[in-house]
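Below is one structure, written out as structure tokens; comments come after it.
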Amino acid sequence: LLQQSGVPACDPCHLPLVTMLHCTRAAVSKVIPRRLVSAVASDAAPAGSLLKDVLVEQVPRKQAELKDLKQKYGQESLGSVTVDQCIGGARGVKCMLWETSLLDADEGIRFRGYTIPECQQLLPSFEGPGGAGEPLPEGLIWLLLTGEVPTKAQVDSLTQEFHERSELPAHVVSMLHSLPKDMHPMTQFSMGILACQTESNFAKAYSEGVPKNTLWEHAYEDVLDVMAKLPEIAAIIYRRKYFDGVVTKDTSLDYSGNFCRMLGYNDPGFDELMRLYLTIHSDHEGGNASAHTTHLVGSALSDPYLSYAAGLNALAGPLHGLANQEVLGWIQDLQKKFAAEGKPVNKDTITEFAWETLNGGKVIPGYGHAVLRKTDPRYTCQREFAMKHLPDDELFKIVDTIYQVMPGVLLEHGKAKNPYPNVDSHSGVLLWHYNFTQYEYYTVLFGVSRAMGALSQLFWDRALGLPLERPKSVTSEWIRGQFEK
């Protein structure tokens, strides 16, 4: 980290380890970017602290910081709202506090200030140190909740806590096994977590009249319980719908590895893909439909079970969580069309096909993004994974060729604001490579992942005492009246 940060005329290897570890945050910040300081030394929490210990220390301080922010800047403007924004989905309107991630149009997502490549290098892996493999989602959850990069010991303690919290109530298991197998997996998934609401600590505490300033403690319990229970609910749905219904756990593994075993996969390569997939799909600011829905429902003091079930229903919409299967289908149709016509897959044939698609009034799926104006870093890390683990896969070769020519075609076409690939342009191909071919189910994987971001923020919604969300609506007649007086 010191070398990456450009520290001059100093070899950190010559410094005694104890000296490095006892550098104060202020001293270290002179030579290392502030967002990387916590990866070197943290004044906030000892390396062995458990997650709740860290949060108990942070909550009063964060509450005070938000109070100070409101007192100093509460009447300042964050910008005006145009009529286009009002009737166009509130696109770009800055009216929501979301602490866990921030999306930059040119740079992509940052999780608590860290880019995806930084997370890959800093967050602990299954092998141990960051960078030795894909980051463990437990490490990202710790980061999203606390803003701090955890140690491997802290991540392992969270893994164990998830395993201990994961048991499903008997009525939930029996309900899932009673559902029609042809019911959409996302419908089953939402029902499964909703049925677990009988276990809500938050709902019980609220009904008992606990002080509102302590509700965050009960929200914390629900948030971790929901995250812990989602993989088994998802696995039961998968095994019932497509196989024999048998779910086998392996709690000697991490969150992702155990999830893969429950799904019926025993491939270390697929384990690594699942770790990457769950990490990069976890959070993407608060304005997307699933995250915003979770936040909105939670603002009514609905418990995390109710809130995230609502978020899953938003994720199930074709404009949100179904994009990756649409991209995969488009790539496979392209492959079949070329094979039937005896065409090779190369830059020339892909370019010709792209123009046929665009001139026919259709879009190129997997390209463009509502906010991003550069290649989605979530796409880039999946491409790097493919180049490392499956460079000769035929579908990946097609994706790679599309990537080489499509931005140029879309730029020349002139209608796309962002001609670069997004996260959905790659994920389906990676899953397909490992014989995870039930693409109707892909959104369920997305749902397991998105809980990490949406529920981490939901914890802070309650810890910071954020109010019921209630934006002002207007009629089209009111708008017209403002300008035609």
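For the reader, a short list of remarks on this structure follows.
- Rh by Kirkwood over Cα pairs, then Stokes-Einstein D for region 232-327 at 1.567 mPa s and 4 °C, µm²/s: 86 µm²/s
- Phi angles across region 343-348 convert, under the Karplus curve 6.51 cos²θ - 1.76 cosθ + 1.60 with θ = phi - 60°, into 3J(HN,Hα) values of 9, x, 8, 8, 4, 5 Hz, Gly and Pro given as x.
- Cα-Cα pairs of region 183-294 separated by more than 21 Å (percent): 50 percent
- Here the accessible area is traced with a 1.4 Å probe on the protein chains. For the chain, carbon and sulfur cover 54 percent of it.
- Relative contact order for the chain: 19 percent, from Cα pairs under 8 Å spaced at least 6 residues apart, divided by residue count.
- Nearest-20 debye value, region 358-459 charge dipole, Cβ charges on Lys, Arg, Asp, Glu: 440 debye
- Positive end of the dipole of region 140-239 (Cβ unit charges, origin at the Cα centre): among Ala235, Ser178, Val149, the Cα lying farthest that way belongs to Ser178.
- Averaging Cα coordinates gives a centre for region 305-374 and one for region 378-450; these two points are 9 Å apart.
- Long-range tail of P(r) for region 277-395 (Cα pairs > 18 Å, %): 66 percent
- Each Lys and Arg adds +1 at its Cβ and each Asp and Glu adds -1 at its Cβ; summed about the Cα centre, the chain shows a dipole of about 1140 debye.
- Options (1) 34, 29, 28; (2) 34, 26, 23; (3) 46, 26, 19 - which one matches semi-axes √(5λ) of the Cα gyration tensor in Å as calculated here: (1)
The values are calculated or read from the model by the stated rules, or taken from the named source; none is laboratory data. As the structure is a computational prediction, the values presented were derived from the model and not from experiment. Cβ coordinates were reconstructed from backbone atoms using ideal geometry, including for glycine residues, and neighbour counts include every protein chain displayed. Surface areas here come from the heavy atoms of the whole protein model, side chains and all, with no ligands, DNA or RNA. Shrake-Rupley method; radii C 1.70, N 1.55, O 1.52, S 1.80 Å.
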